[in-house]
Amino acid sequence: MTHRCDSKTQHLLPIEQANAKIRNQLQAVTGNEKLSLNTALGRTLQKPVFARYHYPFNNVSSMDGYALNTQGINPIQPFQLMCCGTSWAGKPYQKALTPGQCIRIFTGAVLPQGADSIIIQELVSVQNDTINFPANSTLHDNIRCSGEDYKKGDLLLPAHKKLTAVDLGFLASAGIYEVTVYRQVNIAFFSTGDELTTVGQPLANGNVFDSNRHALNGLLNDPCYNCTDLGRYADHYELLKKTLQDAANQYDVLITTGGASVGDADFIKDIMDEIGQINFWKIAMKPGKPLAFGHISSTVFFGLPGNPVSVIATFQQIVEPALKQLAGLSATKRLRLKAQCLTDLKKTPGRKDFQRGILKQKNNGDFTVISAGQQGSHILSSISAANCYIILDAQSQSLPAGQWVTVEPFTCFIAE
């Protein structure tokens, strides 16, 4: 039997081609700002950061012990040295060590001139100012050399990197207190549909609560973005047209949900044909076929489907990579791995399928996955329960339990 959708998928754009088309049309936003480290978490570096100093700044001790000048010492035999002072972290010993001398030294303290070895305190015995060192002592050890981590002029962080908490600590250790980052991407989003009711309002018969804006608000929660929720709008051609035109004058990106399909009240494509341009419309992806990408003047436009799971899936697979590119980030991709599926999977050939799954790892390291439940594009409970997508190629058919499949965890990214 020929499935009724088979003939309808031949003209749909594969998701890989859709992402390539978007990538080829977008450039990172222009403009930058300087931020202190306290406000830079999650932002994208526009300029690389170089070291101003060697690090460590000096030769320092990596252990508590005794620093010594080993000239003339035979470490095979026990030996004694006179302790002539102490070097504390932040309070270095100021004199040079001569042969036959040592000093007490603590972790992080600067080695004095002439010191070339540190022997840890647990290995020695102390009699007043005389320090007894054992036979077979290891010399030239327990020292962190100046410039061992990086040297003055070395690249610390490249441009296009998203700043993590670790990066901020790294930069602070190098004496960097402010960075130049890309400005935020200005994004507006709204939902369309006569059937939508704002959460908290009485639900009319036949209506549904507007969940898409709340999902998008969470998905767009990123320091690289400055987002505005424009609300919900009825399926009214002129109202939607004016809203899109006005928003295009203020924002870098517009995202709508609903109205991108082929129903009598689905106006988004017709409006875009009038006031902007559509680069592509409809992709070979399930859930999420009715997705539009285009421009209104210089503003990037994404028209997402109306079903809530389709909104989430298309955002993650199509919109999110584009927004990262606009934000100046280096290209990343979601981690994919193989897992054994322990449940049957239903699939009709035609579109690449992103089914919701629950991924686990066994004690031996192998991954297993099960379906998270019903896969309809309106079923939010299964995507709430899921932690990954089970990705089935366009030509795949239903699979029995026990097959190895490709899975994509929701939160893991790697460099391209």
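Say we look at the stretch 127-155 and pick out the residues that are outside any loop (DSSP other than H, G, I, E, B) and in contact (Cβ under 8 Å) with a residue 24 or more places away in the chain; which of these is nearest to the chain's Cα centre (by Cα)? If you could, list the steps in order and put the result at the bottom.
Taking the stretch 127-155 and keeping what is outside any loop (DSSP other than H, G, I, E, B), we get 127, 130-133, 143-144, 150, 155.
Next cut, in contact (Cβ under 8 Å) with a residue 24 or more places away in the chain only: 130-133, 143-144, 150, 155.
Values: T130: 56, I131: 53, N132: 54, F133: 51, I143: 36, R144: 32, Y150: 25, L155: 21 Å.
Ranking the qualifying residues of the stretch 127-155, first place goes to L155.
Restricting to the stretch 193-234, what's the tally of residues that are closer than 30 Å to E33 by Cα and touching a Phe, Trp or Tyr at 6+ places or on another chain (Cβ under 6 Å)? Show your work before the answer.
Just the residues of the stretch 193-234 that are closer than 30 Å to E33 by Cα, to begin with: 213-231.
Going one step further and asking which of them are touching a Phe, Trp or Tyr at 6+ places or on another chain (Cβ under 6 Å), we end up with 216, 219, 230-231.
Summing the residues that are closer than 30 Å to E33 by Cα and touching a Phe, Trp or Tyr at 6+ places or on another chain (Cβ under 6 Å) in the stretch 193-234 gives 4.
Do we have any residue at all in the stretch 337-353 that's within 21 Å of S310 (Cβ to Cβ) and without any contact (Cβ under 8 Å) to a residue 40 or more places away in the chain?
Initially, the stretch 337-353 is screened for residues within 21 Å of S310 (Cβ to Cβ), giving 345-353.
Those left that are additionally without any contact (Cβ under 8 Å) to a residue 40 or more places away in the chain: none.
Looking for residues that are within 21 Å of S310 (Cβ to Cβ) and without any contact (Cβ under 8 Å) to a residue 40 or more places away in the chain, one finds none in the stretch 337-353, hence no.
Looking only at residues in the stretch 376-402 that are in contact with a Leu (Cβ under 9 Å, 6 or more places away or on another chain) and loosely packed, with under 12 Cβ neighbours inside 10 Å, which one is farthest from H160 (Cα to Cα)?
P400
Residues to consider are Q325, Q316, Q395; find the one that is polar (S, T, N, Q) and farther than 25 Å from L254 by Cβ.
Details: Q325 fails: farther than 25 Å from L254 by Cβ; Q316 fails: farther than 25 Å from L254 by Cβ.
From the options Q325, Q316, Q395, the qualifying one is Q395.
Do we have any residue at all in the stretch 157-178 that's in a loop (DSSP other than H, G, I, E, B), modelled with pLDDT under 95 and surrounded by fewer than 19 Cβ atoms within 10 Å (Cβ to Cβ)?
Applying the first criterion (in a loop (DSSP other than H, G, I, E, B)) to the stretch 157-178 yields 158-161, 163-164, 174-177.
Checking the rest, the ones that are also modelled with pLDDT under 95 come to none.
The answer is no; no qualifying residue exists.
Taking Y53, is it among the aromatic types (F, W, Y) and either in a strand (DSSP E or B) or farther than 29 Å from E148 by Cα (or both)? Quick ask: steps written out before the conclusion?
Values: among the aromatic types (F, W, Y): yes; either in a strand (DSSP E or B) or farther than 29 Å from E148 by Cα (or both): no.
Answer is no for this residue.
Filter the stretch 129-143 for residues that are surrounded by fewer than 17 Cβ atoms within 10 Å (Cβ to Cβ) and out of contact with any Cys (no Cβ under 9 Å at 6 or more places or on another chain) and give the result.
Just the residues of the stretch 129-143 that are surrounded by fewer than 17 Cβ atoms within 10 Å (Cβ to Cβ), to begin with: 129-130, 132, 134-136, 138-141.
Matches in the stretch 129-143: N132, P134, A135, N136, T138, L139, H140, D141.
Kindly check whether there is at least one residue in the stretch 199-219 that is surrounded by 14 or more Cβ atoms within 10 Å (Cβ to Cβ), within 28 Å of the chain's Cα centre (by Cα) and of a type in the set (S, T, N, Q).
Yes - at least one qualifying residue is present in the stretch 199-219.
Restricting attention to strands (runs of 3 or more DSSP E) lying wholly within the stretch 184-296, give those where 1 or more residues are farther than 30 Å from P349 by Cα and among the small types (G, A, S). Give the derivation first.
Working: elements: 185-192, 225-233, 253-257, 277-281, 292-296.
Answer list for the stretch 184-296: 185-192, 225-233.
Identify, from the list G376, G357, the residue that is modelled with pLDDT of 95 or more and either in a strand (DSSP E or B) or not assigned by TED's automatic domain parsing to the domain that holds E16 (or both). Step through it out loud before you land on a result.
Details: G376 fails: modelled with pLDDT of 95 or more.
Going through G376, G357 in turn, just one is modelled with pLDDT of 95 or more and either in a strand (DSSP E or B) or not assigned by TED's automatic domain parsing to the domain that holds E16 (or both): G357.
The values are calculated or read from the model by the stated rules, or taken from the named source; none is laboratory data. Computed from a predicted structure; not experimentally measured. Backbone-built Cβ (ideal geometry, glycine too); neighbour counts: all protein chains shown.
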